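Step one of this worksheet: look at the structure below.
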Amino acid sequence: MKTRIPLSVSHMSGNELDYIKDALLNNEVTTYGNNITEFEKDLESYLNQNKNVACLSSGTAAIHLALIQLGIGFGDEVICQSFTFCASANPIVYVGAKPIFVDSEIETWNICPIALEEAIKDRLKKGMKPKAIIMVHLYGMPSKIDKILAVANKYDINVIEDAAEALGSSYKGRKCGTFGDFSILSFNGNKIITTSGGGALVCNSIKQKKQSIYFATQARENEAHYEHKNIGYNYRMSNISAGIGRAQLKALEAHINLRRKNNRFYNKLFASIEGVELFKEPNSDFYSNYWLNCITINSELTKVSKEEVFNILASKNIESRPLWKPLHMQPVFSTSPMYKNGMCEKLFNQGLCLPSSSNLKDNDLIRIKEAFNEIFYV
Ligand SMILES: *Cc1c(COP(=O)(O)O)cnc(C)c1O
């Protein structure tokens, strides 16, 4: 059996050990230290919008702390795009609020601004004003940010930007992760850069950053003894992980270029296959890090189903994966309201993610190409 070609794996720059070694030599093997301080500064200057970054144990934790700081609690409603990973919505439930799901639009696969406004109007009619909108940039593709923010502003609703998959992507020249009232990043092992596990909450003020760190370190008051006025969490990033992040962030630009190169490879591969559509930037306003390359398969045209493609790739030890199963279709969210236009269910039925790591080898690309040529007989 040939070696497995995975969907997306970590890619070391080679300098990670230097930062880890510093932490060990300085005995900063804890949740504070030079690596955390410097990684936060590096992220702030990378995002380049006067942002204040708090490094946390995960992107999920970052969404949780964003909801808490927006004052969202029991019985509140929060809008989230249905077509996403469960971590976008789970923290809504952690705070006792209710997720309200909204469908996607065809160009970016992210939340549809029209369906979004319909959802808000309907919730208002029912006497519930949504407290926040969770806007996601799926697979690295920026959402229609201007239109979504315009709707949010019109109804005066806060936006949490889930840029977990979109570090390095930008919209109209501005980096994803800088558009929300709070924005979140993830450095999980399969993302474009990693700290092994980790995330960050991007804040608009130093005060919010300090408050985020306060909640992430058990909400300890400034007293000699342990004094607590709030329920806190153990959500701070480890200084060892932050060391990995510092080295990784320096490699981010290279990772983006390599992932974009994978996109050009797939673009060429699928150009002449009728019925297979590669997910691409709609126009030059959108710059994707192409974290994952995705295709939709119209099996009436290809005569091959998504499931068959998946199975043939698997038989050749090439990993692929169906697109995110919409959250409104998940058993755990079956009672949550959904504002539908049919888009995300169609994407789930037709779509596959393909190997997209920044460290794919030329030989991997040849195997992928041969597999698809065999599948589609071209
Ligand atoms: C990965 C991911 C998250 C969560 O990040 P973790 O660091 O794994 O907790 C949230 N939203 C989306 C869209 C993600 O892909």
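Data for the structure
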quantity: Entries of Lys303/Lys346; Lys121/Lys175; Lys41/Lys250 with Cα pairs more than 19 Å apart; calculated: Lys121/Lys175
quantity: Ser58 long-range amide H proximity, modeled H, under 5 Å; calculated: Gly199
quantity: Segment 1-142, relative contact order in percent, only Cα pairs under 8 angstrom and at least six apart counted; calculated: 18
quantity: Estimated FRET transfer efficiency (Asn15, Ile106; beta-carbon r; R0 30 Å; 0.05); calculated: 0.15
quantity: Accessible surface of the chain [probe 1.4 Å, protein heavy atoms]: carbon and sulfur percent; calculated: 50
quantity: MRE, 222 nm, helices only [DSSP H, n ≥ 4, -39500 (n - 2.57), over the chain, to nearest 500]; calculated: -11500 deg cm²/dmol
quantity: Rounded, prolate or oblate (a/c below 1.5 giving rounded, otherwise prolate when a/b exceeds b/c) for the chain by Cα gyration tensor; calculated: oblate
quantity: Nearest-0.05 FRET efficiency for Ala314 and Lys129, computed from C-beta distance (R0 45 Å); calculated: 0.45
quantity: In Hz, Karplus ³J(HN,Hα) per residue of segment 273-285 (6.51, -1.76, 1.60; θ = phi - 60°; x = Gly, Pro); calculated: 9, 5, x, 10, 10, 8, 6, 9, 4, x, 6, 6, 5
quantity: Relative contact order (%) - criterion: Cα under 8 Å, at least six apart; region: the chain; calculated: 24
quantity: Sparse-neighbour loop sites [trypsin sites (Lys or Arg not before Pro); segment 276-362; at most 12 other C-beta within 10 Å; DSSP]; calculated: Lys303, Lys361
quantity: Segment 253-376 - accessible surface per residue (Å², probe 1.4 Å); calculated: 48
quantity: FRET efficiency estimate (nearest 0.05) - Cβ-Cβ, Leu7 to His228, R0 45 angstrom; calculated: 0.60
quantity: Relative contact order [Cα under 8 Å, 6+ residues apart], segment 14-92, whole percent; calculated: 21
quantity: Extension gain (nm, one decimal) between Asn283 and Thr37, 0.36 nm per residue minus Cα-Cα; calculated: 84.9 nm
quantity: Positive-end extreme of charge dipole, the chain - chosen from Ala164, His11, Ile36 (charges on Cβ); calculated: Ala164
quantity: Overall form of segment 54-161 per C-alpha gyration tensor (a/c, 1.5; a/b vs b/c); calculated: oblate
quantity: Rounded to the nearest 20 debye, dipole of the chain from Cβ charges on Lys, Arg, Asp, Glu; calculated: 140
quantity: Exposed-loop-free span, longest in the chain, where chymotrypsin sites (Phe, Trp or Tyr not before Pro) count as exposed if DSSP calls them loop and at most 14 other C-beta atoms lie within 10 Å; calculated: 75-225
quantity: Asp122 paired with Glu253, simple spin-label distance in nm, labels 7 Å along Cα-to-beta-carbon; calculated: 4.6
quantity: Estimated distance in nm for a label pair at Ile206 and Asn27, the labels positioned 7 Å out from Cα along Cα-to-Cβ; calculated: 3.0
quantity: Qualifying trypsin sites (Lys or Arg not before Pro) in segment 94-130, DSSP loop, other Cβ atoms within 10 Å at most 15; calculated: Lys126
quantity: Interchain or long-range residues, amide H under 5 Å from Ile5's placed H; calculated: Ile318, Glu319
quantity: Karplus (6.51, -1.76, 1.60) ³J(HN,Hα), θ = phi - 60°, over segment 132-142, in Hz, Gly and Pro reported as x; calculated: 7, 10, 9, 9, 10, 10, 6, 6, x, 7, x
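The values are calculated or read from the model by the stated rules, or taken from the named source; none is laboratory data. On a predicted model such as this, the values are computed, not experimentally measured, just so you know. Cβ sites come from the backbone with ideal geometry, for glycine too, and all protein chains shown count toward neighbours. When the accessible area is computed, the model is the full protein with side chains, heavy atoms only, and any ligands, DNA or RNA have been set aside. Shrake-Rupley method; radii C 1.70, N 1.55, O 1.52, S 1.80 Å.
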